[in-house]
Amino acid sequence: MYGYNPPPKFVRKKVLPKTKIKQSFAVASSSYDSAALLQRNVGINLLQRVGNIGQVDTVVDLGCGTGFLVTEILRQKICLPQQIIALDIALPMLQIARNKLNNNKNITYLCADAEYLPLQPQSVDLVISNLAFQWCDNLEKTFADIKRILKPEGQLYFTTFGAHTLRELKSAWQQVDDYNHVNSFHNPAQLQNFLQQAGFHEFELEIRSYTSTYVSVLDLMAELKQLGAHTVMAGCNKQFTSRSAMQRMISAYQQQEENGRIPATFEVIMVAVRV
């Protein structure tokens, strides 16, 4: 069904700490489910967008995490696949998914990078991914590889964070210094360009905004850590962040407090693509 081929050389537009991302999500695997309410809500909305597509041979969940989407696909009978490939860069996530899904014989667990898919050309009917692509170094390369593995008439559905995600946190840091403390995410125009460059021409984009509230800024930071996102967030700033700078950021953020809680916006871009 699939075999690994060495990836072609390409020029990266930016470099993210992929090893740190892998380690961060591996460490977060044990706490991920307890903090992943947003991911679950977005995933449910994504599956509603997919709808019931009937019998297919192969479905791939890219960045499957602990297996929430796979579980819901099977429970809701979103499709009737002969095989589901649950793919994630962090092996501990796959191990938890396998345990949750009781070693379902129709599920294959694959530890791999979404940017280097070890799958045969035109071997997949449906690719689905929930809040994973924002961690990819080169989305044009990622989308091109997805197009390679999709069959004619194949489909891709995914969600990713948009540029306004964590805007309150970014604003608070901007009152402290000029460094980037929060990872930058792509806007819809950039995603559209990446898809077109990869050879996709039939797609729809939808933007939804989700607001979570927290008792304190530290609670927000703790949740990001539980979700495995803290390494990438902190890694944007190459300078040492002092305790006093952190306190100034927290004080600035608390000015946005309403009814005793601070808000955090998560902009989500939902995309439906056909080959």
Scalar couplings 3J(HN,Hα) for the stretch 61-66 by Karplus 6.51 cos²θ - 1.76 cosθ + 1.60 (θ = phi - 60°), nearest whole Hz, x for Gly and Pro, are 9, 7, x, 5, x, 8
Put in order of increasing Cβ neighbours within 10 Å, starting from the fewest, ILE53, ILE85 give ILE53, ILE85
Violations at 27 Å Cα threshold for listed pairs LYS151/LYS225; LYS100/LYS151; LYS77/LYS151 -> LYS151/LYS225; LYS100/LYS151
The FRET efficiency for TYR116 and ARG274, from their Cβ-Cβ distance with R0 = 25 Å and rounded to 0.05, is 0.55
Protection proxy (average C-beta count within 10 Å per residue), highest first, orders 62-72, 258-268, 108-118 as 62-72, 108-118, 258-268
For the SER244, TYR210 Cβ pair and Förster radius 30 Å, calculated FRET efficiency rounded to 0.05 is 0.40
Once phi for every residue in the stretch 52-60 is put through the Karplus expression 6.51 cos²θ - 1.76 cosθ + 1.60 (θ = phi - 60°), the whole-Hz ³J(HN,Hα) values, with Gly and Pro written as x, are 8, 10, x, 6, 9, 7, 9, 10, 10
Along the stretch 88-95, Karplus-curve 3J(HN,Hα) (6.51, -1.76, 1.60; θ = phi - 60°) to the nearest Hz, with x for Gly and Pro, reads 8, 6, 9, 4, x, 4, 5, 5
Amide H neighbours of GLY162 at under 5 Å, excluding residues fewer than 5 places away on the same chain, with H built from the backbone geometry, are GLU267, VAL268, ILE269
Label model pair HIS201, THR108: point-to-point distance (7 angstrom along the Cα→beta-carbon line) in nm is 3.1
Checked the stretch 41-150 with the C-alpha gyration tensor, a ≥ b ≥ c its square-rooted eigenvalues, rounded below a/c of 1.5, otherwise prolate if a/b is larger than b/c and oblate if not; verdict rounded
Taking placed amide H atoms and a strict 5 Å upper bound, the residues 5 or more places from GLY154 or on another chain that come that close are VAL275
Put in order of increasing Cβ neighbours within 10 Å, starting from the fewest, HIS164, HIS201, HIS181 give HIS201, HIS164, HIS181
A correct fewest-to-most ranking of LYS105, LYS77, LYS151 by other Cβ atoms within 10 Å would be LYS105, LYS77, LYS151
Full extension between GLU153 and GLN256 adds, at 0.36 nm per residue less the Cα distance, a length in nm of 32.4 nm
Counting only residues 5 or more apart in sequence or on a different chain, those whose built amide H sits under 5 Å from that of ILE107 are ILE84
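Laboratory data are not the source of any read-out in this text; all were calculated from the coordinates shown. Remember, it's a predicted structure, so these values are computed and weren't measured experimentally. Cβ sites come from the backbone with ideal geometry, for glycine too, and all protein chains shown count toward neighbours.
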